[in-house]
Each structure stands twice: as C-alpha cells, then as structure tokens.
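Below: one structure, written as structure tokens.
The values are calculated or read from the model by the stated rules, or taken from the named source; none is laboratory data. None of the values given here were measured: they were computed from a predicted structure. Cβ atoms come from the backbone with ideal geometry, glycine included; neighbour counts cover every protein chain shown. When the accessible area is computed, the model is the full protein with side chains, heavy atoms only, and any ligands, DNA or RNA have been set aside. Shrake-Rupley method; radii C 1.70, N 1.55, O 1.52, S 1.80 Å.
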Amino acid sequence: MTNITDSATARAHSNIAFVKYWGNRDQSLRLPANASVSMNLADLHTTTTVAWNNELRADRLTINGAVANETARTRVARHLDVLRARLDTDRFARVNSRNNFPMGTGIASSASAFAALTTAACAALNAAISKRELSILSRLGSGSAARSIPSGFVEWRDGESHETSYAESFAPADHWKLVDLIAIVSREHKRIGSSAGHETAASSIFQPARVATAAERISSVKSAILRRDFESFAETVEADSNLMHAVMMTSKPPLFYWAPLSLTIMEGVRRWRQDENLMVCYTLDAGPNVHCICADGDADAVAARLRDLCGEIEILRSDAGGGAYVLPTD
Ligand code: PMV
C-alpha cells in the first residue's frame, strides 16, 4: 500500500468566559443550558498537527511530546470519528498537540485543544469548512472549544439545534485592552473535570434560576464590553462566576472548586477595585485558579498586589487574542 499522508498544523487560543457555560440541554451534542460570552487569550494556546495516514490502524496522540493516556486518546479518537464522518475519510490520524500553559488547572486546555484539533484536521484535507461550522464541530469535542474558533470577544449562542449552536465574534481583540492575570493557586489536576461536572448541574436547585437569568447577564456584559464600561462589566462578571459556583456547590454530589487562597484573592480583588479604584474583577472556572481581569493600565499594579497578598504565587498573563488559524507549512 502506498503511504498517503495529509497533514496540517493549527493553533487556537484558550478563552475565559465572562458569562459561563455550565450544564447541557443535550449531553451528547453538547447543546448548552445557556449562551455564554468569552474573551480569547492571546498568550495561552494549543498548537496541533494532524496527519491523516492510510497505513495507521488506530489514532495516535501525543501531548507536549509524550504519548497521551488512554482517556485522552479515546476522547480525541471519538472527536476524530465525528470529523471522519464529516470529511468523508476512513483514515486514522497521528495527532501531536502542544500547550504553552499547564493542563488540568481550571485553565481551559480542552477549549484550545479541540478548536486546534478540529481546525488542523479539516485543513489537512483542504476541506472548505466555514468558521461557523468549525465552531459547531469543535463544540462536539468540548463545549467551550466552540468559542476558541472566532476571534476576540465572542458569544456562543445556545441555539435551538446542533446547526444553530455556534460562537461568533462581536468585537475584535483590540476593541478593549483587557488583560487576564491568572493566579495559579494550584497546578493539581482537578478531580471532577468539566465534562462530568456539566452532568451534575441540573441537580442543583439553583441551576434553573441561573439559566433563566443568563440572557440578562449576556446582554449586560456585551453592552459593558462594547461601551468599555469596567464598573458594569466587573459587577456582572463576578456575579456570574459566583452563580455558577453556587450551582456547583449545591449539586449532587457537591463540587467545591474554590481553595482558601482563591477566596482570599477574590476578597483582595474586590477591595482593590472598591478602595483603590483599580480596574480589576475576578472569575473562576472549574478549578481554584483566579482569573483577575484587568484594564491593561492597571495590570502591573494588580500583579504587585497579588504578590503582596500571596507571596511567591505563579501568575500567567494574557492579552485578548485572535481566533483559531492554520500555520503555514515549512
Ligand atoms: O468546555 P468545557 O466542557 O470544558 O466547559 C467549560 C466550563 C467552564 O470553564 C467552567 C465555563 C466556561 O464557560 O468556560
């Protein structure tokens, strides 16, 4: 058999949600309980090469240079099954993926991972797939990956169906100079990842209230971003993160992602905003790390205060970033 390989490399950025996605209406299609809004993170990305090869007998996966465990390989192989059907190929693929940020710490590595994987897999076969469809396909790998396809500030519509649940940009990355300072409270792998977490959301009595009011927060956060109104932005972003964690903590089983240090930082952030007029607010995903979203002029002052408060804490810093793209071949 002649060896036929078609490959491409793509990069996608992680994103941080300002109005969170938590819980699915349809688990297998990852149709979200509510729409969400996020910002792509320029400095946190995944770069993935997909090589479709007719001689492989199974999909292969390396992450950061090491052969991935079976759980990760199976999840990627399932997503490749979806892409094989869409791209009309029966070839398996060799997938090499690299993150420039730590995995499993509540920083969404699955978002950038599935957006990069989908983009590279389609580009390798020169398939003419629209950004909208790339977002839809990425969503099937990890919900938040839908938001890593378009650039800058993004809304993922809940949609009525598989075809109508995708993300679109509503402002470019340079519209508002926001910086995400991620205070790394712990690098440990989270015990319950977000995929399992989504399944517990409906067991909280607070989830219906969170979902019913999400549209208000979507419109308020989008309008604050478009007007560059930090005060209004901060209020909604913190309220939305608190609401999601209230749902998590009251689910069966309860999920507590905050660590004592997370709470110390959240209190610090509110104090710095209220008493010192620093433009900063917090938001946390399914992990203990605190995303401190700041106006770029205040980012150095916020980083200094984080160090005063926590001592030797690791801080990742990112500006707003663009969408997923295919890298030129050398
Ligand atoms: O895409 P997932 O299944 O990893 O879910 C992401 C969930 C949160 O990060 C907690 C919220 C969000 O909207 O990103």
Based on what the data block shows, is residue 50 open to solvent by 20 Å² or more (accessible area, probe 1.4 Å), away from the ligand (no atom under 11 Å from the Cβ), more than 25 Å from residue 205 (Cα to Cα) and hydrophobic (A, V, I, L, M, F, W, C)? no
Are any residues in region 83-110 closer than 17 Å to residue 149 by Cα, modelled with pLDDT of 95 or more and part of a helix (DSSP H, G or I), and if so, which ones? 83
Sort through 78, 73 and tell me the only one that's within 16 Å of the ligand (Cβ to nearest atom), open to solvent by 30 Å² or more (accessible area, probe 1.4 Å) and within 22 Å of the chain's Cα centre (by Cα). 78
Filtering region 34-47 down to residues that are among the small types (Gly, Ala, Ser) and either within 16 Å of the ligand (Cβ to nearest atom) or within 26 Å of residue 250 (Cα to Cα) (or both) yields 35, 36, 38
Can you find a residue in region 201-212 that is within 12 Å of the ligand (Cβ to nearest atom), open to solvent by 70 Å² or more (accessible area, probe 1.4 Å) and within 19 Å of residue 20 (Cβ to Cβ)? no
With 130, 144 as the choices, which residue is open to solvent by 10 Å² or more (accessible area, probe 1.4 Å) and more than 16 Å from the ligand (Cβ to nearest atom)? 130
Would you check which residues across region 168-208 are in contact with a helix residue (DSSP H, G or I) (Cβ under 8 Å, 6 or more places away or on another chain) and without any contact (Cβ under 8 Å) to a residue 40 or more places away in the chain and list them? 168
Exactly one of 291, 245 is touching a strand residue (DSSP E or B) at 6+ places or on another chain (Cβ under 8 Å), surrounded by 14 or more Cβ atoms within 10 Å (Cβ to Cβ) and of a type outside the set (Asp, Glu), and that residue is 291
Return only the number of the condition from (1) surrounded by fewer than 24 Cβ atoms within 10 Å (Cβ to Cβ); (2) assigned to a helix (DSSP H, G or I); (3) hydroxyl-bearing (Ser, Thr, Tyr) that residue 118 does not satisfy. (1)
Where residues in region 10-33 are in a loop (DSSP other than H, G, I, E, B) and buried (at least 24 other Cβ atoms within 10 Å of the Cβ), which of them is farthest from the ligand (Cβ to nearest atom)? 23
Region 250-275, residues that are touching a residue at least 12 places away in the same chain (Cβ under 8 Å) and either among the basic types (Lys, Arg) or open to solvent by 50 Å² or more (accessible area, probe 1.4 Å) (or both): 250, 252, 253, 258, 261, 264, 270, 273
Just checking, does region 133-140 include any residue being over 14 Å from the mean Cα position of the chain (by Cα), open to solvent by 20 Å² or more (accessible area, probe 1.4 Å) and closer than 16 Å to residue 296 by Cβ? no
For residue 170, indicate whether it is open to solvent by 10 Å² or more (accessible area, probe 1.4 Å), in contact with a Gly (Cβ under 9 Å, 6 or more places away or on another chain) and hydrophobic (A, V, I, L, M, F, W, C). yes
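Yes/no matrix, rows are residues, columns are (1) touching a Cys at 6+ places or on another chain (Cβ under 7 Å); (2) at pLDDT below 95; (3) away from the ligand (no atom under 16 Å from the Cβ):
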{"site": "175", "(1), (2), (3)": "no, no, yes"}
{"site": "188", "(1), (2), (3)": "no, yes, yes"}
{"site": "217", "(1), (2), (3)": "no, no, no"}
{"site": "221", "(1), (2), (3)": "no, no, no"}
{"site": "249", "(1), (2), (3)": "no, no, no"}
{"site": "270", "(1), (2), (3)": "no, no, yes"}
